[in-house]
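Heads up, the thing below is written out as structure tokens.
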């Protein structure tokens, strides 16, 4: 697979009908939406675990809608690569679950602690209601994967690839993904490795999936697999 990934990354891909500025702007809109959504969630739920989860879900949905509305022309929709093509999505799901486990083992070796995803810290500290769990599932399995993959793999990666080349684009998309996660979800009690480096490694996986398959939908599935693993890990920690 490594040789095939190298070959597919090196293959030319038509540049999208937007530039790096538009992709960065979409990421900034996403961050602002996350912050604004957090205020809404806190105003409704106070200090309950559902508060930030609700806000982040709202922010992710707003981000996905923004990308969909702002890129509605036929050539833009095609450049987002939302179709699965010949990709077997269940294989992407299984592969990504395996990669989530590998990254978690690396995280454990570095930090010495079996830590939850930063988004789920409150849910672990205060085991929430069924509503909180449902919102967490909606965030990690649907809203967050859709929003972040549309921005970082749908828009940023192809724009960077056209401007900077495939390898720098791969690193840039992963680094931007990590910086976004750190700004949006980092907590003081979470080690820097877990809050920044682990999302960078995950971003490499998602961007690699996008490059290998040519499908942003496949990257969404890969991201959802990481979310599923994060939820199962919290269940294990609570057990």
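The values are calculated or read from the model by the stated rules, or taken from the named source; none is laboratory data. Nothing here was measured: the structure is a model prediction, and the numbers come from that model. We place every Cβ from the backbone using ideal geometry, glycine too, and count neighbours over all the protein chains shown.
Looking across 146, 113, 134, one residue alone is assigned to a helix (DSSP H, G or I) and touching a residue at least 12 places away in the same chain (Cβ under 8 Å). It is 146. Filter the range 112-128 down to the residues that are surrounded by fewer than 18 Cβ atoms within 10 Å (Cβ to Cβ) and touching a helix residue (DSSP H, G or I) at 6+ places or on another chain (Cβ under 7 Å) and list them by number. Passing the criteria: 114, 124, 127. One residue stands out among those in the range 63-78 that are touching a residue at least 40 places away in the same chain (Cβ under 8 Å) and within 18 Å of residue 138 (Cα to Cα): the one that is surrounded by the fewest Cβ atoms within 10 Å (Cβ to Cβ), which is 64. Somewhere in the range 134-148, is a residue closer than 16 Å to residue 209 by Cα and in contact with a helix residue (DSSP H, G or I) (Cβ under 6 Å, 6 or more places away or on another chain)? The answer is yes; a qualifying residue exists. Taking the condition more than 18 Å from residue 27 (Cα to Cα), part of a helix (DSSP H, G or I) and in contact (Cβ under 8 Å) with a residue 60 or more places away in the chain, does residue 176 pass? Answer is no for this residue. The set of residues from the range 225-239 being without any contact (Cβ under 8 Å) to a residue 12 or more places away in the chain and in a helix (DSSP H, G or I) comprises 232, 235, 236. Just one residue in the set 229, 157 is within 21 Å of residue 26 (Cβ to Cβ) and buried (at least 17 other Cβ atoms within 10 Å of the Cβ); that residue is 157. When the residues of the range 211-224 are filtered to those that are modelled with pLDDT under 95 and assigned to a helix (DSSP H, G or I), the one that is nearest to residue 173 (Cα to Cα) is 211. Please pick out the residue among 169, 147, 175, 143 that is surrounded by fewer than 20 Cβ atoms within 10 Å (Cβ to Cβ) and modelled with pLDDT of 90 or more. After applying the criteria, what remains is 175.
Note on the range 12-28: among residues that are free of Cβ contacts under 8 Å to residues at least 24 places away in the same chain and either closer than 12 Å to residue 176 by Cα or within 21 Å of the chain's Cα centre (by Cα) (or both), the one that is surrounded by the fewest Cβ atoms within 10 Å (Cβ to Cβ) is 21.
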